[in-house]
1. For segment 1-22, which residues satisfy the criterion of being over 19 Å from S314 (Cβ atoms) and open to solvent by less than 60 Å² (accessible area, probe 1.4 Å)?
2. Taking segment 33-59 only, how many residues are open to solvent by 30 Å² or more (accessible area, probe 1.4 Å) and either modelled with pLDDT of 95 or more or within 26 Å of P295 (Cβ to Cβ) (or both)?
3. How many residues does segment 39-74 hold that are touching a helix residue (DSSP H, G or I) at 6+ places or on another chain (Cβ under 8 Å), part of a loop (DSSP other than H, G, I, E, B) and not β-branched (V, I, T)?
4. Give segment 4-59 a look and list any residue that's in contact (Cβ under 8 Å) with a residue 40 or more places away in the chain and of a type in the set (S, T, N, Q), or say none.
5. Collect the residues in segment 245-271 that are part of a helix (DSSP H, G or I), touching a Gly at 6+ places or on another chain (Cβ under 8 Å) and modelled with pLDDT of 95 or more, keeping them in residue-number order.
6. Taking N312 as the residue in question, decide whether it is over 20 Å from the mean Cα position of the chain (by Cα) and touching a residue at least 24 places away in the same chain (Cβ under 8 Å).
7. Determine which single condition A377 fails, assuming it passes every other condition in (1) more than 19 Å from F300 (Cα to Cα); (2) in a loop (DSSP other than H, G, I, E, B).
8. Mind checking which residues of segment 136-164 are open to solvent by 80 Å² or more (accessible area, probe 1.4 Å) and either aliphatic (A, V, I, L, M) or touching a strand residue (DSSP E or B) at 6+ places or on another chain (Cβ under 9 Å) (or both)?
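The values are calculated or read from the model by the stated rules, or taken from the named source; none is laboratory data. Quick caveat, the model's predicted, so the values are computed rather than measured. Note that each Cβ is placed from the backbone with ideal geometry, even for glycine, and that neighbours are counted across all protein chains shown. Side chains included, ligands, DNA and RNA excluded: accessible areas come from the protein's heavy atoms. Shrake-Rupley method; radii C 1.70, N 1.55, O 1.52, S 1.80 Å.
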Amino acid sequence: MLVPLDDRLGDQAKVRAGTPLALSREQLLPLPGADSAAAFGLNPALAPLLPVWNDSRLAVLFNTGALVEPLSRSSYQRGGRKPDNLFSHSDQQDFAQALGGDSPGNLGWGLRLARSVRPVGGGTGRLPSMISLAGNQGFLRGDVRASLVLPARGNFGLTGSGPDAASATRVDALRALWAQDPTSLGRQAGDIVASALDAAGLVNPIINPPAGAAASPVTTPFASLRSDLSQQLLRAARLIEARSLLGNRRQIFFVSLGGFDTHTNQRAEQDRLLTELATALKAFDDAVQALGIGPQVTAFTMSDFARTFKVNNSAGTDHGWGNHHLVSGGAVRGRQTYGNYPQLVLGGADDASREGRWIPSTSYDQYVATLARWFGADESALAGITPNLARFDRRDLGFLA
C-alpha cells in the first residue's frame with residue numbers, strides 16, 4: 001500500500017524482485033509530506049486518494065494491529081502476552097471489533113464508545129447511534145436496541161410493505177398481533193418489532209429515495225460507482241445529510257470491504273480491491289465536503305491483519321499481523337504519516353517469523369483511544385472502551401485535531 005522511496009526501496013526489491021508484487025519507483029505515486037519531501041510512494045491503485053492527501057485530509061498510520069501489551073521480536077519469542085489465535089481471520093476480526101477477550105462483557109467497542117458519550121445538547125435521536133451497512137457485526141455487539149443494521153442496496157422493510165393503503169393495513173395488523181401477546185417476552189419482542197417498523201418508515205425514503213426524487217449534494221460523487229462499498233458509504237452519507245430530520249448529533253457507521261485474503265494472484269485482486277476502496281472513500285470525502293461538515297466526520301480503516309512481506313509460490317502472500325491504516329476527514333492532521341514503519345527485512349527486528357509478519361508497533365487500543373477522544377469520550381471513559389490502553393505509554397497518537 002505504501003512503500004518508502006529512500007534506501008528502503010532497495011530492501012523491498014531484495015525480497016520481492018521478480019514477483020508481481022514488486023513495485024518500482026516509477027510505479028509508485030509520491031506522497032509529499034508536510035515538509036513537501038516525498039518519503040513514501042502510494043500504490044498506484046489508490047490514486048483517487050491523492051487529492052485528499054494533498055488537501056491535508058488524509059493520514060496514514062503505520063504498523064498498527066492487535067496487541068494486549070507492547071511486544072518486540074525478543075519478547076514475542078520469549079512468550080510475551082499476545083492476542084489469542086493470531087493469524088486467524090475470525091479471531092482477529094473479533095479482536096479488532098471488540099479489542100480482545102478482556103473487554104467488558106466482550107461488547108463491541110463501537111457500542112462501548114456510543115454508551116460513553118452523552119448526546120450533543122442532551123437530546124436523543126430518532127435512530128440508534130450505531131448503524132451497520134455491512135450486516136450484524138461484533139463492533140455493535142451488546143444491545144440490539146442500540147444499533148441498526150441496514151442493507152447496502154434495496155429497500156429496508158418487510159417484504160410486501162410500501163406506501164399504498166394495503167401495505168399500511170398489513171403492517172398495522174402485524175403491530176396489532178404483537179401487541180396482543182401478554183407475556184414479558186412477547187411484549188419485548190413486540191417492542192423491538194415496532195421499533196424496527198418505525199425505523200423502516202423513517203429511514204427507507206432517505207437511503208432509498210423514490211424514482212424521480214431530486215438529487216442531493218451527496219449523490220453526485222457516487223453517480224458512476226456501483227461497488228458494494230460505495231453503496232454502503234452513499235447510504236451513510238445520505239443519513240448524515242438527513243441528520244437534522246433524524247435528530248442524531250453523534251453517529252457511528254460500520255461499512256466493510258472483504259476479499260483481501262490473497263494467497264494467490266494477489267496483484268490483480270488487490271489492485272481491484274484497492275481501487276474500489278480508494279474511489280469509494282474519495283466519493284465519501286467529496287460528499288462530506290459538499291455538505292460543509294468536513295471537521296465533523298472522520299473515516300478510518302481497520303482489519304484483522306496485513307499480509308506477509310514474503311511472497312509465496314502462488315504469487316500471493318499469507319497471513320500477517322501489523323498493518324497500515326488510512327484516516328480521513330476535516331479534523332485529521334493530514335498529509336502526514338504516524339507511527340513506525342517496519343524494517344523490510346525477513347527475520348529482522350520487526351518480524352515475528354521469517355516471513356515478514358510485522359509485530360505491531362502501535363496497538364489498536366491506542367488507535368481507538370485517539371478516535372474516541374475526538375468523538376467526545378473523556379479520559380475516565382477510555383478504560384472501558386480500550387481495555388488494554390493502560391499497558392501502553394502513548395494514549396493519543398496525534399492524528400486528530
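1. Taking segment 1-22 first, the residues over 19 Å from S314 (Cβ atoms) are 1-14.
Those that are over 19 Å from S314 (Cβ atoms) and open to solvent by less than 60 Å² (accessible area, probe 1.4 Å): L2, V3, P4, L5, L9, G10, D11, Q12, A13.
2. To start, the set of residues in segment 33-59 that are open to solvent by 30 Å² or more (accessible area, probe 1.4 Å) comprises 34-39, 44, 47-48, 50-51, 54-57.
Checking the rest, the ones that are also either modelled with pLDDT of 95 or more or within 26 Å of P295 (Cβ to Cβ) (or both) come to 34-36, 44, 47-48, 50-51, 54-57.
Selection size over segment 33-59: 12.
3. 6
4. Q12, T19, N43, N54, S56
5. If we filter segment 245-271 for residues that are part of a helix (DSSP H, G or I), which is where we start, we get 245-246, 266-271.
Now drop any that are not touching a Gly at 6+ places or on another chain (Cβ under 8 Å), which leaves 246, 266, 269.
Scanning segment 245-271 gives Q266, E269.
6. On the way: over 20 Å from the mean Cα position of the chain (by Cα): yes; touching a residue at least 24 places away in the same chain (Cβ under 8 Å): yes.
Considered against the rule, which asks whether it is over 20 Å from the mean Cα position of the chain (by Cα) and touching a residue at least 24 places away in the same chain (Cβ under 8 Å), N312 comes out as yes.
7. (1) is the only condition that A377 fails.
8. Going residue by residue through segment 136-164, those that are open to solvent by 80 Å² or more (accessible area, probe 1.4 Å) are 136, 141, 144-145, 153, 155, 158-159, 163.
If the condition is that a residue be open to solvent by 80 Å² or more (accessible area, probe 1.4 Å) and either aliphatic (A, V, I, L, M) or touching a strand residue (DSSP E or B) at 6+ places or on another chain (Cβ under 9 Å) (or both), then N136, R141, V144, L158 are the ones that fit.
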